[in-house]
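Here is the structure we will look at, set down as structure tokens.
The values are calculated or read from the model by the stated rules, or taken from the named source; none is laboratory data. All figures in this text were calculated on a predicted structure; none of them were measured in a lab. Cβ coordinates were reconstructed from backbone atoms using ideal geometry, including for glycine residues, and neighbour counts include every protein chain displayed.
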Amino acid sequence: MNWRTKKSLKSVVCAGIVILALAGCAKANLVNSNSIIEEGIEYYVQTDRAVYNLGEEVQTLFRVTNVSGSPVDIGMVLAGDAWCDFFVTDDDNTDIWQWMRVMPPSGWTMLHLEPDESREYQITWDMISDNATPFDRDDDYPVGPGLYNITGQLTLSNAYIHRRVPVSVSIEVIPEPATVLLLGLGGLALLRKHRA
């Protein structure tokens, strides 16, 4: 390889790293949301971003809104903060984490919404897999880079289960920027080694 080819290849690699970093930054700052309207109710889920660095906290919001123009009784939900639930699966649909694996003894209450009224709840996922064992934290572990699906839904009683409308968004967990930088620098070092 002559010096011009090597220099050109080095420039292409550097430009590629910069473009990937900028694309990731742009996507990382966008609010990530999805909604479904069914029987006059909008079911909405949102994360604060679409892309997260490994180990960051994921802020997730679930909201139900009456868009029908008339008062609506959606169904019997768990009382208190247990009226909705969140769960996380990986790209292969493997169970990773659930906010409420065991239903609290809180009783049931009718979820009633007036026209244009909303009810919402927000949780934080710390990128830990609970290993489907809510009472055994010894087997929990941090998740790795990859694609994850976050779903919000109402915790309706069995009599209203037909009204359960799960809404999901996908997020991407990427290695920390320092790791990406080290990989890029490693690639450049390999190019220099081949030049010598």
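Picking from 176, 117, which residue would you name as being over 18 Å from residue 47 (Cα atoms) and modelled with pLDDT of 95 or more? None of the others qualify; the one that does is 117. The residue pairs whose first member lies in segment 122-146 and is in contact (Cβ under 8 Å) with a residue 60 or more places away in the chain, whose second member is part of a strand (DSSP E or B) and aromatic (Phe, Trp, Tyr), and whose beta carbons are closer than 7 Å, counting only pairs six or more residues apart or on different chains, are 123/86; 125/97. Exactly one residue among 73, 91, 95 is touching a residue at least 40 places away in the same chain (Cβ under 8 Å) and of a type in the set (Asp, Glu), and that residue is 91. For segment 35-61, a residue qualifies if it is under 14 Å from residue 113 (Cβ atoms) and either in contact with a helix residue (DSSP H, G or I) (Cβ under 8 Å, 6 or more places away or on another chain) or not small (Gly, Ala, Ser) (or both), and the qualifying residues are 37, 38, 39, 41, 42, 43, 44.
Going by the conditions given, is residue 85 loosely packed, with under 13 Cβ neighbours inside 10 Å and either assigned to a strand (DSSP E or B) or not polar (S, T, N, Q) (or both)? So residue 85 does not fit the description; no. Taking residues in segment 31-43 that are at positive phi, and partners anywhere that are among the basic types (Lys, Arg) and surrounded by 15 or more Cβ atoms within 10 Å (Cβ to Cβ), the pairs with Cβ atoms closer than 9 Å and at least 6 places apart or on different chains are 39/163.
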